[in-house]
1. Charges at C-beta only: +1 for Lys and Arg, -1 for Asp and Glu. How large is the resulting dipole of the chain about its Cα centre, in Debye rounded to 20?
2. Residue separation times 0.36 nm, minus the C-alpha to C-alpha distance between GLU70 and LEU91: what's the value?
3. So what's the convex hull volume per residue for the Cα atoms of the range 6-66, in Å³?
4. For TYR30, put the label point 7 Å out on the Cα→Cβ axis and report which residues of the range 61-93 keep their amide N under 19 Å from it.
5. Over all directions, what mean area does the Cα convex hull of the range 70-120 project, stated in square nanometres?
6. For the range 6-66, what number of Lys pairs, 8 or more residues apart or on separate chains, have alpha-carbon atoms under 17 Å from each other?
7. Plugging the Kirkwood radius over Cα pairs into Stokes-Einstein for the chain, at a temperature of 4 °C and a viscosity of 1.567 mPa s, what D comes out in µm²/s?
8. With a 10 Å cut-off between alpha carbons and a GNM built on the chain, which of LYS75, LYS50, LYS109 moves the most?
Amino acid sequence: MNKLTAKEEELMNFFWEKGPLFVKEILSFYDDPKPHFNTLSTTVRGLEEKGFLSHKAYGNTYQYYPVVTEEEFSKRTLKGVISKYFKNSYLGAVSSLVEEENITLEELKKLIEEVEKSNKE
């Protein structure tokens with residue numbers, strides 16, 4: 001799965017939250033100054049080329065819909081971060097969270113319980 005730019009990720013969030021959309025509809029989600037229709041359309045087509053969206057034709061216009069779930073994207077993004085910044089060490093990532101106190105001991109215990117439970121199933 002390809003990486004997304006910040007603008008592409010913003011667009012994907014609209015699709016994940018709202019479902020299938022026409023480019024014209026996406027424009028309404030932006031405050032002024034709104035992006036140009038052609039720019040938005042080009043970005044949406046790029047997301048389709050990258051395999052994140054597909055479309056259904058209605059005459060001369062397309063309604064786009066996500067083919068990658070937000071959960072799939074999140075998991076792959078997390079794997080990429082752990083690979084890039086923690087040398088593929090999930091232990092290193094969790095240790096970093098604990099050291100920065102972004103995760104409590106209770107949360108860590110709960111995580112361990114969830115992992116143990118999923119391994120038994």
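1. Here the chain has a charge dipole of around 600 debye.
2. Roughly 5.1 nm would be gained on extension.
3. About 80 Å³ per residue, rounded to a whole number.
4. It comes to 62-65, nothing else.
5. 4.1 nm²
6. Numbers: LYS7/LYS18; LYS7/LYS24; LYS7/LYS34; LYS7/LYS50; LYS18/LYS56; LYS24/LYS34; LYS24/LYS56.
Lysine pairs satisfying the spacing and distance rule in the range 6-66 number 7.
7. 76 µm²/s
8. In this elastic network of the chain, the residue with the biggest mean-square fluctuation among LYS75, LYS50, LYS109 is LYS109.
Only the coordinates and a few stated rules stand behind these numbers; no lab work does. All values derive from a computational prediction rather than experimental measurement. Heads up, the Cβs are rebuilt from the backbone with ideal geometry, glycines too, and the neighbour counts pull from every protein chain shown.
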